[in-house]
Amino acid sequence: MSELQRLKGLLPPEMQSWVFVEAAASVDPPLITIEEIGRDEIEIQVDLEKWDALAIDHRNLLFWHEVGRIQNDAVPRDGWEMAALAIGLGGAIGELWVQDGLLLLMALGLSGFAGYRLYLKNNSEKRLQDAIAADERAIDLACRFGYSLPNAYKSLGGALKELVEQTRKKKKRAFYEDRLEALRKSAGKARAEMAQQQGSRQSVTSENVYG
């Protein structure tokens, strides 16, 4: 079985008909990413050369992170905002010329909405929160596919640590570090909940969920 086929098998059954897994074809692609390829169709693209160097548990959790992004509807969409911004600004300039107040307000409204959408898309805090939410989804998916909760946290934590070590760009490395810190907090909360349910902390504190 090829790695792409194996990853396809890690998709939840309800997603296998519209989510596809392919090798990345671009020059210097990211390790793994998602792209909308058609109406209601998503493609997960993997740089197999870099991917195969990772431990299999790390691969699994990073893959489920991308699946989590899809489940959370955090897929990058076509850049309609730039087109809308250009149309709105062009319309505003045109309406200034003909002095039509209502159409001017409509054009400015379109520009403002498109600009706000662009701000959200490029806002680093929102990107981080989306990634943290996808990490939580990845943990849930790992448990769904047979991982224990501590092992799911340990595998994702190990994968993020590896990405931190491999990343040279300071901003991107900080992004992974922030995700790792959020994961540690989530693991601590999960550990406390497990201890409360079992009536003893000893059964869960013996495992290091951070890798």
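Summary of computed values
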{"item": "Gly211 vs. criteria within 16 Å of His65 (Cβ to Cβ), surrounded by 15 or more Cβ atoms within 10 Å (Cβ to Cβ) and at pLDDT below 90", "result": "yes"}
{"item": "Cβ pairs under 9 Å, 6+ apart, first in the stretch 127-139 and on the phi > 0 side of the Ramachandran plot, second among the basic types (Lys, Arg)", "result": "none"}
{"item": "Sole residue being modelled with pLDDT of 90 or more and over 20 Å from the mean Cα position of the chain (by Cα), chosen from Glu95, Glu49, Glu14", "result": "Glu49"}
{"item": "Qualifying residue in the stretch 31-48 (condition: surrounded by 14 or more Cβ atoms within 10 Å (Cβ to Cβ), touching a helix residue (DSSP H, G or I) at 6+ places or on another chain (Cβ under 6 Å), touching a residue at least 24 places away in the same chain (Cβ under 8 Å) and of a type in the set (Asp, Glu))", "result": "no"}
{"item": "Candidate set from the stretch 1-11 (those that are of a type outside the set (A, V, I, L, M, F, W, C) and loosely packed, with under 14 Cβ neighbours inside 10 Å); member that is farthest from Leu61 (Cα to Cα)", "result": "Ser2"}
{"item": "Members of the stretch 173-197 that are among the charged types (D, E, K, R) and either surrounded by fewer than 13 Cβ atoms within 10 Å (Cβ to Cβ) or at positive phi (or both)", "result": "Glu181, Lys185, Lys189, Glu193"}
{"item": "Any hit, the stretch 45-64, residues being among the polar types (S, T, N, Q) and over 28 Å from Tyr153 (Cβ atoms)", "result": "no"}
{"item": "Answer residue from the stretch 1-60, given it is assigned to a loop (DSSP other than H, G, I, E, B) and small (Gly, Ala, Ser) and is farthest from Glu162 (Cα to Cα) among those", "result": "Ser17"}
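The values are calculated or read from the model by the stated rules, or taken from the named source; none is laboratory data. These numbers were taken from a predicted model, which means no experiment stands behind them. Cβ: placed from backbone, ideal geometry, glycine included. Neighbour counts: every protein chain shown.
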